[in-house]
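As structure tokens, the structure follows; a few thoughts come after it.
Just so it is clear, none of the values below were taken in a lab; they were calculated from the coordinates. Predicted model, so just to flag it, every value in this text is computed and none were measured. Heads up, the Cβs are rebuilt from the backbone with ideal geometry, glycines too, and the neighbour counts pull from every protein chain shown.
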Amino acid sequence: MKTIILLLVLTLYIKFPSISQPNLQLSLFAKNFGGVLSIKHAGDQRLFVVEQAGIIKILNKNGTVNATPFLNISTQVRNSGEQGLLGLAFHPNYKQNGYFFVNYINQSQNTVVARYQISATDSSLANPLSEVVLFTITQPFSNHNGGDLHFGPDGYLYISSGDGGSGGDPQNNSQNLTNLLGKILRIDVNSTSGGLNYAIPSGNPFADGPGGNADEIWSYGLRNPWRFSFDKLTGDIWIGDVGQNAYEEIDFEPANQTGGINYGWRCYEGTHAYNTTNCNNSYTPPVFEYAHDQGCSITGGYVYRGANYNELVGRYLYVDFCTGKLWTLKKVGSNWVNELVFQNSSRNFTTFGEDLTGELYIGTINGEIYKICETSWASSYPNLSLNDNPILSNTYQAGQMLGSSGVVPTNSQVKFYAFGSINLSPGFRAENGSVFLANVSGCIH
């Protein structure tokens, strides 16, 4: 049987002369969502898209969206300003137990971290009645809620929380080890203890039992760690912490750290003194910061560990919500090298997503999801003509036009990618049993 797949994908292609290498482009993958606040996978090829209003939808590999939401808890979620359904994480053993975890602001304006379970009869639906609340955090103000969730390489659930809001951390929550605000938290969701629906992992740096410090704290001194992530190869933690009036920062925690790091807020905004009353100097500065002439609100991303774009491997990608500027950061020797790789002032990017293979996506508050692709190769291979018989199994790329009058033989798999056009002459054919894919896009799918 002959299988011919023709995909024509429009690519958002905006290039600025000042952009450094590598060169990134964004290919529109899906749209018409509510405000996209998180994009996660569950150990398969699907992506789960979190909408601020309290809905999670399934986005399939081919760009289609399931008609019925995976989960709808919009009646429980307060959707206003920085509030909403903020985070999602799937249990490492999701295929066996069907557990996933969410972070949302409830109708009382407080943070809820809860567990849900998949439907017993349909893997594309969650059971909305399965909620088990792990804990709540009283929020003194409506902003700076953090809200991201990730399972670490150690199997524990890590949770980001903001400083409680207003401006300047007026209650000094971030430096206060007796509450959960302005922190990265770490809990064991596979056990229970002390009447809780979770346990405190052995080795949490401030665990001292009832009273005293908040046992859940892993690190502190954060203002609004809106998005953080683990490097899937090394286990390092990357935190994009939204600044106050002047600086945005990136905090980095190597995988061999044992927690307890103080990242400095409200004593410091980035590396700059902010309010040092009753502060000491035992803090860990960010590995990188940028001033508000470049943006106003960092959206943290991921270290690229995909297989398609060698130029991106090992680079941490992050973006600014206000300006649409997207950078990469990587340590080279003893120096951190930051490069501007994409600039788009017309979109507000709210979150990154990483699929099962390590390819990266980026979502907007307006409900669009783009796939990130590296396109430095385009200028080196502007045009390509394939007239071979046979055309060998491979991926063929062209920066502008790719043409062919060749033959894709039986049992072969051939993929064409081009920015401009793909022209198949009358002599071109794909024989029975072959697979042929043509994609007008900068992204290798």
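Rounded to the nearest 20 debye, what is the charge dipole size of the chain about its Cα centre when +1 sits on each Lys and Arg Cβ and -1 on each Asp and Glu Cβ?
Numbers: 25 positive and 33 negative charges, 229 e Å.
Dipole size: approximately 1100 debye.
Take Val112, Val36, Val414 and order them by how many other Cβ atoms sit within 10 Å, fewest up front. Walk me through the numbers on the way to the answer.
On the way: Val112 20, Val36 27, Val414 23.
Listing Val112, Val36, Val414 from fewest to most nearby Cβ atoms yields Val112, Val414, Val36.
In whole Å, what are the extents of region 143-222 along the principal axes defined by its C-alpha atoms, from largest to smallest?
37, 26, 20
Would you please put 182-188, 422-428 in order of how densely packed they are, using the mean number of other Cβ atoms within 10 angstrom per residue and starting with the highest? Display every interim value, and only then the final one.
Details: 182-188: 25.1, 422-428: 13.6.
Packing order, densest peptide first, comes out as 182-188, 422-428.
Run through every distinct alpha carbon pair of region 165-267 and return the Kirkwood hydrodynamic radius in angstroms, one decimal place. Display every interim value, and only then the final one.
Details: mean 1/r = 0.0690 Å⁻¹.
Evaluated on region 165-267, it is 14.5 Å.
Could you work out the local net charge near Phe100, counting Lys and Arg as +1, Asp and Glu as -1, over the other residues with Cβ closer than 12 Å to its Cβ?
Working: positive: Lys40, Lys95, Arg115; negative: Glu131.
Neighbourhood net charge equals +2.
Rounded to whole Å and sorted largest first, what semi-axes of the equivalent ellipsoid does the C-alpha gyration tensor of region 307-375 yield via the square root of 5 times each eigenvalue? List each step's numbers first, then the result.
Values: eigenvalues 88, 50, 17 Å².
Square roots of five times the eigenvalues give 21, 16, 9 Å.
Evaluate the Kirkwood expression for the hydrodynamic radius of region 207-343, namely the inverse of the mean inverse distance over all pairs of different C-alpha atoms, and round to one decimal in Å. Don't skip to the answer; put the middle values down first.
Values: mean 1/r = 0.0631 Å⁻¹.
About 15.8 Å, per the Kirkwood formula over Cα pairs.
Using only the alpha-carbon atoms, what does the chain span along each of its principal axes? Please give whole angstrom values in decreasing order.
Principal-axis extents of the chain (Cα, largest first): 78, 52, 37 Å.
Ratio of alpha-carbon Rg to the 2.2 N^0.38 Å globular estimate for region 45-172, to two decimals, please. If you can, show how the numbers build up before the last one.
On the way: Rg = 15.1 Å, N = 128, 2.2 N^0.38 = 13.9 Å.
The reported ratio for this selection is 1.08.
Per DSSP H run of at least 4 residues, take -39500 (n - 2.57); add these up for the chain, divide by its residues and hand me the 222 nm value, nearest 500 deg cm²/dmol. Each step should come with its number before you reach the end.
Details: 2 runs with 8 residues, N = 445.
For the chain, the value works out to -500 deg cm²/dmol.
Listed here are the pairs Lys40/Lys325; Lys330/Lys415; Lys61/Lys325; Lys57/Lys95; which of them are more than 21 Å apart at the Cα? Please list the in-between numbers first.
Values: Lys40/Lys325 23 Å; Lys330/Lys415 31 Å; Lys61/Lys325 27 Å; Lys57/Lys95 18 Å.
As for pairs spanning more than 21 Å Cα to Cα, those are Lys40/Lys325; Lys330/Lys415; Lys61/Lys325.
What area, in nm² and to one decimal, does the C-alpha convex hull of region 379-440 cast on average over all directions? Write down the numbers at each step before the final one.
On the way: hull surface 14.2 nm².
Spelled out: convex hull of the Cα atoms, projected over all directions, averaged, 3.5 nm².
Under a Cβ-Cβ cut-off of 12 Å, what is the net charge of the residues other than Gln139 that fall near it, where Lys and Arg count +1 and Asp and Glu count -1? Don't skip to the end; give the middle numbers.
On the way: positive: Arg78; negative: Glu82, Asp163.
The answer is -1.
Just for the chain, what percent of DSSP beta bridges are antiparallel, to the closest 5? Provide the component values of the computation, followed by the final result.
Numbers: 90 of 118 bridges.
The antiparallel fraction comes to roughly 75 percent.
Using a cut-off of 12 Å between beta-carbons, work out the net charge of the residues near Asn32 (Lys and Arg +1, Asp and Glu -1, Asn32 not included).
Values: positive: Lys31, Lys57; negative: Glu51, Glu368.
Taking every Cβ under 12 Å from that of Asn32, the sum is 0.
Which is farthest toward the positive dipole end of region 329-445 among Asn389, Asn348, Val337, measuring Cα position about the Cα centre, with Cβ charges +1 (Lys, Arg) and -1 (Asp, Glu)?
Selected residue: Val337.
How large is the charge dipole for region 206-290, taken about the Cα centre, if only the Cβ atoms of Lys, Arg (+1) and Asp, Glu (-1) carry charge, to the nearest 20 debye? Before the final figure, lay out each step's value.
Working: 4 positive and 12 negative charges, 23 e Å.
Value, rounded to 20: 120 debye.
With 10 angstrom as the radius, rank Asp215, Asp241, Asp44 by how many other C-beta atoms surround their C-beta, starting from the fewest.
On the way: Asp215 21, Asp241 31, Asp44 13.
So the ranking, lowest neighbour count to highest, is Asp44, Asp215, Asp241.
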